Amino acid sequence: MAEKNEIVETGKCELLDIFIEEEDRKGADLLKMSDFFNVFIGKIGAEMKSETEWEVDLDIRGLLGQIAAAIKGGFDISKMGMLVADYSHFSQEVIDGLKEGIYHVGESKEVAGNLRPAILDENEQLVKFFTLKKAVNPAEVLSDISILSMQTSLKRISAQIEDIGRDVKGMIDFARREALSSKFMYARDRIMSASTADSEEQEDLLKEADTYLMQGLEDLYSDITAQVKELADQKGPFASIKAIDTLLSYINEDMQMIPRYVGLRVYLLNLRGKNADVNRILGQYQYQLQTLAERKIGDGKFTALELIHKNYPYNGENVDFWINQPKEMLAAISSCEAVLGQNDKDIFYIDAEDNDNE
């Protein structure tokens with residue numbers, strides 16, 4: 001970790017790799033840009049594989065339950081250590097299959113005849129190979145592991161909210177969306193300038209970028225509070241369905257943007273060695289979600305999430321999303337914070353590839 005006053009020079013490639021498409025570099029609509037979480041996760045995963053020493057060919061027989069739990073949730077912490085899964089390469093089908101008991105963790109033979117750790121179906125047929133690795137120096141990889149887990153959780157949250165948002169029929173207010181995206185754009189401009197700056201100027205520019213991201217988050221937290229209060233006022237027989245749908249669409253957009261802002265702040269602070277600040281930002285996000293989940297609003301009958309749930313146009317596949325899913329969001333953030341505190345335990349990494357030649 002960098003000392004308080006140390007300037008950590010960040011490479012041009014590291015800063016600009018997040019801007020993949022022209023929309024990422026020049027666009028003004030955050031929700032139309034690339035999925036930055038995939039970039040963050042891929043970069044951290046690649047660094048871990050190339051720069052970290054791992055012990056492989058481990059006996060998994062005593063770890064089957066923990067491995068399954070880590071793949072289902074992204075990571076698992078037990079007395080023996082911490083297991084973190086390469087979540088980006090386990091499909092939702094695999095994750096759901098493990099949760100439902102259709103799939104399980106075991107071993108399967110490769111073409112060469114060697115047994116390898118694998119996900120298997122009810123008939124012991126191969127679904128996916130994986131490799132279990134143990135970090136030779138856990139302290140060396142802890143920061144990357146925790147950021148990987150965190151970004152994966154934020155990606156899942158954003159994707160799930162985006163998916164359920166398709167059920168809302170409210171009109172898109174592009175001016176509003178661009179206004180709430182603007183601080184992200186200002187941060188992007190500073191990041192691009194920092195990529196060609198010397199070390200001292202680069203640090204100043206990245207501080208400015210972080211300030212813009214902080215301000216953007218404050219705007220979004222304030223906006224979602226205002227939208228929920230307005231939703232609470234939509235009651236009685238004359239409540240406007242159109243107004244309710246519009247408010248729900250605004251809330252949904254805010255909930256998609258927030259983890260993107262959080263994700264980029266975490267990414268930049270991690271590059272600068274500011275790991276204590278990462279934990280603080282996660283705590284703020286957790287507090288906002290807890291407020292939505294626990295604090296009664298309006299006439300005191302409902303929390304914000306209960307009110308959203310009460311008015312949401314669910315379909316048959318996502319009933320009760322706004323009651324159940326925020327609990328998973330909070331659990332994911334709490335687990336990420338717990339990961340950051342595991343500096344005295346062994347770290348195991350469940351490594352999977354896109355193509356296993358299965």
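The values are calculated or read from the model by the stated rules, or taken from the named source; none is laboratory data. Predicted model, so just to flag it, every value in this text is computed and none were measured. So basically every Cβ, Gly included, is an ideal-geometry build from the backbone, and we count neighbours across all protein chains shown. We work out accessible area using only protein heavy atoms, side chains counted, and drop any ligands, DNA or RNA first. Shrake-Rupley method; radii C 1.70, N 1.55, O 1.52, S 1.80 Å.
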- Item | Kirkwood hydrodynamic radius of region 200-272, Cα pairs, Å | 14.1
- Query: Measuring from label point to label point, each 7 Å out along Cα→Cβ, what is the residue 163 to residue 301 span in nm?
  - Reply: 3.2
- For region 214-331, with all protein chains present and a 1.4 Å probe, just round the carbon and sulfur fraction of the accessible area to a whole percent. 51
- Using the heavy atoms of the protein chains and a 1.4 angstrom probe, tell me the accessible area per residue for region 215-334 in square angstrom. 44
- Message: Run the simple label-point estimate for residue 32 and residue 110 please: 7 Å along Cα→C-beta, distance reported in nm.
- Response: 4.7
- Item | Full-extension gain in nm, residue 174 to residue 25, via 0.36 nm per residue minus C-alpha separation | 51.8 nm
- Rounded, prolate or oblate: which fits region 228-303, taking a ≥ b ≥ c as square roots of the Cα gyration tensor eigenvalues, rounded meaning a/c under 1.5, else prolate when a/b beats b/c? oblate
- Message: Given points 7 Å out from each Cα along the Cα-Cβ axis, report the residue 327 to residue 211 separation in nanometres with one decimal.
- Response: 4.3
- Would you give the gap between the C-alpha center of region 258-332 and the C-alpha center of region 90-129, rounded to a whole Å? 33
- Which of 99/134; 109/134; 99/128; 242/327 have a Cα-Cα distance over 19 Å? 99/134; 109/134; 242/327
- Task: Calculate how large, on average over all directions, the projected area of the Cα convex hull of region 57-140 is; give the answer in nm² to one decimal.
- Result: 6.1
